[in-house]
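Undergrad: Got a structure for you, written out below as structure tokens; questions coming shortly.
Readers should treat all values here as calculations from the given coordinates under stated rules, not as data from a laboratory. Values in this document were obtained by computation on a predicted structure and should not be read as measured data. Here the Cβ positions follow ideal geometry from the backbone for every residue, glycine too, while neighbour counts run over all protein chains shown.
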């Protein structure tokens, strides 16, 4: 006699596979949401980095402009000091010649600083180092040695 009371295998397999399929669907959905969120985080991070980069660039530009303005002001002050010295120092004799030469040098230095600014002086220094590399290296070593000695004491 045939056993007709056995349950069909198809229904049992569907019952055991249903939670597994649901778990796979949930995991897939969670994975998709996680990818979307990670993409959004990356995009926002890129935007924030870009904003910070712009802010740093603007700050550096402002610092550069302020340094140029301060350098120009310092040059103007030095030039005015040279003018004052030229007016108040003696004009005759050996002391007069020396004081007028010093006043002229101070005025010319102030005018150079005022007109060239910080960037112009940096360009001139670069050119001087390129024309005289060996003395520049020796001066750098000497200054480094002196700074090292001063810090060691």
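Undergrad: Rounded to the nearest Å, what's the spacing between the alpha carbon centres of region 35-67 and region 89-151? Just the number, please.
TA: 40 Å
Undergrad: If you work out log10 I(q)/I(0) by the Debye sum over Cα atoms at q = 0.09, 0.10, 0.11, 0.13 Å⁻¹ from the coordinates, which of [x] -0.37, -0.45, -0.52, -0.69; [y] -0.59, -0.64, -0.71, -0.82; [z] -0.68, -0.76, -0.84, -0.98 do you get?
TA: Of the labelled values, this structure produces [z].
Undergrad: If you don't mind, there's one more thing I want to ask. So for 131, 79, fewest C-beta neighbours within 10 Å to most, what's the order?
TA: In increasing order of surrounding Cβ atoms, one gets 131, 79.
Undergrad: Compute the angle between helix 93-131 and the longest alpha-carbon principal axis of the chain, please, reported from 0 to 90 degrees and rounded to the nearest 10.
TA: Compared with the principal axis, the helix lies near 20 degrees.
Undergrad: What FRET efficiency do you get for residue 143 and residue 118 if R0 is 25 Å and r is their Cβ-Cβ distance, rounded to the nearest 0.05?
TA: The formula returns an efficiency of 0.80 here.
Undergrad: Still on this structure, please answer the following. Quick one: if the Förster radius is 25 Å, what FRET efficiency do residue 150 and residue 81 give, using the C-beta to C-beta distance and rounding to 0.05?
TA: Numbers: r = 29 Å, r/R0 = 1.15.
In this case the efficiency is close to 0.30.
Undergrad: Also: Quick check on the chain: helices-only [θ] at 222 nm, where DSSP H runs of length 4 and up contribute -39,500 (n - 2.57) each and the sum goes over total residues. Nearest 500, please.
TA: Rounded to the nearest 500, the figure is -34000 deg cm²/dmol.
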